[in-house]
């Protein structure tokens, strides 16, 4: 949608020399505005953030297990935005699964699964989950999220600041005042188990709808193990 020509109020064709934006703020014309544009980044990817809206997760989790890290990206929980073409009356607060945050998918999810997993297994990238919605009913404001990102980037948060997330191998969280994690609370265990079950249900439904390109079995197995641990 890189518009270079449009019509003025007199019906004359005129050159578009600046960015255009939809009413949702997205740029339509921007790619060719720079004569020195590149589609390459020299700096290696050292960390990935899955940005979610999942009320069962604390503001920051770190996932060291490559399979679980990829699975959580594959079952990324979020909410719809005005940037998407939604049916009339759609509840914008509905939680949905959007694999790898790609609402414009044009190829099988299993391909993304393989590629993202390689970032963790072959390139040693770290995986973090940011919950930007609410944690057990308490909102996570943008100021909290921004501080977490800044502190991670400048090294103010290290692995020594994280605590194990229950008995889940390779999962830790950042303790933050007001967002205490009570994994020994049966109600919290049920809430977390339900959200993991939602992810597992989505994977199973996806495989039924795409029998020729199913998602890797290990994704379902790792969620099944978490649900079993919480039961």
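Read the figures in this text as sums done on the coordinates, not as results from a lab. Just so it is clear, the model here is predicted, and its values are computed rather than measured.
Given an 8 Å cut-off on Cα distances and at least 6 residues of separation, report the relative contact order of the stretch 47-197 as a percent.
Details: 207 pairs, mean separation 53.6, N = 151.
Reported as a whole number, the value is 35 percent.
Temperature 25 °C, viscosity 0.890 mPa s: under these conditions the Stokes-Einstein estimate for the stretch 89-231, based on its Kirkwood radius over C-alpha pairs, is 140 µm² per second.
Expected output is a single nm value to one decimal: the length gained when fully extending between residue 47 and residue 191, i.e. 0.36 nm times separation in residues minus the C-alpha distance. What is it?
On the way: separation 144, 0.36 × 144 = 51.84 nm, distance 2.79 nm.
The residue 47-residue 191 span can extend by a further 49.1 nm.
Net length available on complete extension from residue 201 to residue 154 is 13.1 nm, with 0.36 nm assigned per residue and the Cα-Cα distance removed.
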